[in-house]
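Reading through the structure tokens given below for one structure.
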Amino acid sequence: MQNYRKFNLGFFTAGMAFLATLFATVMSSGVNAAEPKPWQMNFQPAATPVMEKITDFHNLLLIVEVAIVVFVLILMLIIIVKFNSKSNPEPSKTTHNTALEVVWTVIPIVILIVLAVPSMKLLFFMDKAQNPEMTLKITGHQWYWSYQYPDNGNFEFDSNIVPDDEIKPGQRRLLEVDNQVVIPVNTEIRLLMTSDDVIHNWAIPAFGVKMDTVPGRTNESWIKVTKPGVYYGQCSELCGINHGFMPIAVNVVSKADFKKWTVKAKKEFAKVNDGPVRVVKMKSSATAEIR
Amino acid sequence: MSDTAHDHHDHRPTGWKRWVYSTNHKDIGTMYLALAMVAAIVGAAASVVIRMELHQPGIQFITDFQFYNVLVTAHGFIMVFFVVMPALIGGFGNWFIPLMVGTPDMAFPRMNNLSFWLVAAGLVLLVIAGLIDGGPGTGWTVYPPLANADYHPGMAVDFGILALHLAGASSILGAINFITTIINMRAPGMTFHRMPLFIWAMLLTAILLLLAIPVLAGALTMLLTDRNFGTAFFSPEGGGDPILWQHLFWFFGHPEVYIMIIPAFGVISEIVSTFSKKPIFGYLGMAYAMAAIGVVGFVVWAHHMYTVGFNVETRAYFTLATMVIAVPTGVKIFSWLATMWGGSIKFDTPMLYAMGFIFLFVVGGVTGVTLANAGSDMAFHDTYFVVAHFHYVLSIAAIFAMYAGFFYWIGKMSGKQYPEGLARLQFWITFVGVNVLFFPQHFAGMAGMPRRIPDYPDAYAGWNMISSYGAYITAIGGLLFFVVLWKTLTSKETVAANQWGEGASTLEWTVASPAPFHTHEDTPKVGSQPAE
């Protein structure tokens, strides 16, 4: 019986040590990419100042949190080794220690204050664009996005998922769209968001943007993307049957290329909303109605 | 005359009447536990089906995505309202509040019966909701407009609303019963500051229920009239606001998470003290830490809503208020560790589960700090990181407390000894399973994987596969639990009145095992324990 107990405790400690290691490896950062990578354990690389600050703040949080978990684990291991009924047959009678209780109340408060300062800085920094150079209007629909460029010709277009059976080699399943959002690099852009049916959420992990699109409300966020490239995101609020199938793809180009694109897009999307309704078959009995 | 009174006193109905008409706190507690086990099979089956669907990228076998959303919704509702609450509050609460405060039964035994049958009826309505008109694919948060009649026509959501109304009414009645019993029917000598921490936990939980459930009931009624009678509380086209629902829901929903975990604190405190053979360290700090968690729990609800478009000052307030909760939870963790420190600990199954609880709660607790910050939450909101967080800190921790409480008290409830070796094996399988299940979800979430999707971009395949294997391991642990349960109930090995020895100092260990139909007929006297 005693042996059996010992064996179990060994397992207990080994399991905890394994988890602690796993937790610590979160800190190793991933490779440069604007999309999720297989076995990725950390954030996608930041492409905006906001996401850079989120990443920095999270690195601080992670150190503190791993330290707390490891500290508690060490205490538990000491308890398992030293205070089992075999090693310590006579239990102590201590039930109070005011100094200790004050310490374990005050130290967490201090830690929280230390964390709260950068947290507040980050929060107020990410709130609104200070000097937006352009505005992008985003509308969520069941189950696609539409985008409007009010100060670049006020054209509007829909952005639908490329369904699995139309995915070409090299494309990313469930992330590619037919019409990517095109925005200029190094430009402070105000995002205005709403919805014309249920609540959706427009999110791009590499941008540090995640904002609900709420019917009857206009929400504001901002981005300033510092690296050109294509960035992917997905709807992040349960919005019905095809919630998992309304991705977001943003193509960040140079300012000159953006100017050229707006000229082209103005013509291309002039009549987009008069087009025939196309029904896209997902790999499902459910269908998405797409204009 | 005295003979008649005596006969009446020993009256004990048999057969189906004993259970259906029951006013006995032990029988009602047993029925709550049985209901929780039945519901747990359904709720766990839903989660295993979800994990099988997510095992690989692409659609495995759920071709109807509404059905997938219904599974997600049903898993949440069933686990919250029909597993964790009935087991920890209805089951252990009914069984052990009268036994631990030294009274023969609950204050309102017939209301106790009504509480049980309301929640049972609620479960039936919820199952009906899942089977008709495509089911409610709204998530357990039931956000309108998705939950409105426009986007969920049919009666599924209405049945779901009525199911929650019944479960809520059951909880309110149960809460009134608990509060009255604990305040008025304690044995002489058991002052508030001498109540076992489990009783403190149940009292605070009942108060939270009494304050939070009516808000849910109001919100549900508004949604019901929006859906059926033309009101527009949550519809912008009628001057309403979908965000109002989120405020009302989370004003209930955040205290609700403490309603689920504070009873677990109570169970774990009893077990840690018993197996360490020491009184709980910092008893008053522990009691008032739970009270503080309950109070602060009412003013942090909007941390579930950081992305709805609040102004920045609102998010700043809710960030700071939420971080405050880390202080009393820290007090609890350290007090448990200090109770064990210097103890002479027997690592039987209840204690293994208690230590497992502490570990899971700490891991889930620190990720809670990450999510509390509105700034960093922008990267985590609605990703699998959140799924990992709340399963660690709440769901799995609560399940561990349920397993811990079951093994701790099954001797008292049944008079039988559970098979120790098999039970420990069950713990290890479950402990490994839940960590393999939920730890990789942190990584998937950080990489950006959203919640509540039936298929995911191929890059998330690795962690999802590991997570699914964890689900299967956990499910094996769950099945093994029922084997352990069967072996216990059919065992010939009986246990003594106080099977855990000197550490078990609360009053339930002073009555025989199994606890007789009527207990504490002579009021016990309480000395200085357990406080001093």
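Some values worked out for this structure:
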{"quantity": "Residue identified as over 17 Å from the mean Cα position of the chain (by Cα), under 27 Å from residue B:146 (Cβ atoms), crowded, with 24+ Cβ neighbours inside 10 Å and within 8 Å of chain B (Cβ to nearest Cβ) among A:239, A:235", "calculated": "A:239"}
{"quantity": "Answer residue from region A:189-222, given it is assigned to a loop (DSSP other than H, G, I, E, B) and more than 20 Å from the chain's Cα centre (by Cα) and is nearest to the other protein chains (Cβ to nearest Cβ) among those", "calculated": "A:216"}
{"quantity": "Output for region B:297-317, where each listed residue is under 21 Å from residue B:328 (Cα atoms), within 13 Å of chain A (Cβ to nearest Cβ) and of a type outside the set (Gly, Ala, Ser)", "calculated": "B:303, B:304, B:317"}
{"quantity": "Every pair of residues 6+ apart whose Cβ atoms lie under 6 Å, when the first sits in region A:118-129 and is within 7 Å of chain B (Cβ to nearest Cβ) while the second is β-branched (Val, Ile, Thr)", "calculated": "A:124/B:312; A:126/A:50; A:127/B:312"}
{"quantity": "Answer residue from region B:227-269, given it is among the β-branched types (Val, Ile, Thr) and more than 14 Å from chain A (Cβ to nearest Cβ) and is nearest to residue B:305 (Cα to Cα) among those", "calculated": "B:257"}
{"quantity": "Residue satisfying all of: in region A:44-89; among the charged types (D, E, K, R) and under 26 Å from the mean Cα position of the chain (by Cα); farthest from residue A:186 (Cα to Cα) among these", "calculated": "A:65"}
{"quantity": "Complete set of residues in region B:127-144 that are surrounded by fewer than 19 Cβ atoms within 10 Å (Cβ to Cβ), more than 20 Å from residue B:234 (Cβ to Cβ) and within 12 Å of chain A (Cβ to nearest Cβ)", "calculated": "B:134"}
{"quantity": "Single unsatisfied condition, residue A:95 versus (1) in contact (Cβ under 8 Å) with a residue 40 or more places away in the chain; (2) under 25 Å from residue B:326 (Cα atoms); (3) facing chain B (nearest Cβ under 7 Å)", "calculated": "(1)"}
{"quantity": "From the options A:269, A:245, residue that is touching a residue at least 24 places away in the same chain (Cβ under 8 Å), closer than 23 Å to residue A:143 by Cβ, aromatic (Phe, Trp, Tyr) and more than 11 Å from chain B (Cβ to nearest Cβ)", "calculated": "A:269"}
{"quantity": "Neighbours by Cβ (under 6 Å, 6+ apart or cross-chain): first from region A:47-63, within 10 Å of chain B (Cβ to nearest Cβ); second of a type in the set (Ser, Thr, Tyr)", "calculated": "A:54/B:376; A:57/B:376; A:58/B:376; A:61/B:370"}
{"quantity": "Any chance residue B:112 is buried (at least 24 other Cβ atoms within 10 Å of the Cβ), under 30 Å from residue B:17 (Cα atoms), at pLDDT 95 or above and not hydrophobic (A, V, I, L, M, F, W, C)", "calculated": "yes"}
{"quantity": "Whichever residue in region B:71-98 is surrounded by fewer than 24 Cβ atoms within 10 Å (Cβ to Cβ) and more than 12 Å from the chain's Cα centre (by Cα) and, among such residues, is nearest to residue B:205 (Cα to Cα)", "calculated": "B:75"}
{"quantity": "Residue list for region B:126-159, restricted to those being within 15 Å of residue A:238 (Cβ to Cβ) and part of a helix (DSSP H, G or I)", "calculated": "B:157"}
{"quantity": "Complete set of residues in region A:64-92 that are in contact with a Ser or Thr (Cβ under 9 Å, 6 or more places away or on another chain), among the β-branched types (Val, Ile, Thr) and more than 9 Å from every other protein chain (Cβ to nearest Cβ)", "calculated": "A:81"}
{"quantity": "Some residue of region B:406-420 being surrounded by fewer than 22 Cβ atoms within 10 Å (Cβ to Cβ), in a loop (DSSP other than H, G, I, E, B) and either among the hydrophobic types (A, V, I, L, M, F, W, C) or under 22 Å from the mean Cα position of the chain (by Cα) (or both)", "calculated": "no"}
{"quantity": "Single residue of region B:216-266 satisfying the filter (within 30 Å of residue B:291 (Cα to Cα) and among the hydroxyl-bearing types (Ser, Thr, Tyr)) that is nearest to the chain's Cα centre (by Cα)", "calculated": "B:258"}
{"quantity": "Residue within region B:370-389 that is within 13 Å of chain A (Cβ to nearest Cβ), among the acidic types (Asp, Glu) and part of a helix (DSSP H, G or I) present", "calculated": "yes"}
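The values are calculated or read from the model by the stated rules, or taken from the named source; none is laboratory data. These numbers come from a predicted model, not from an experiment. Cβ coordinates were reconstructed from backbone atoms using ideal geometry, including for glycine residues, and neighbour counts include every protein chain displayed.
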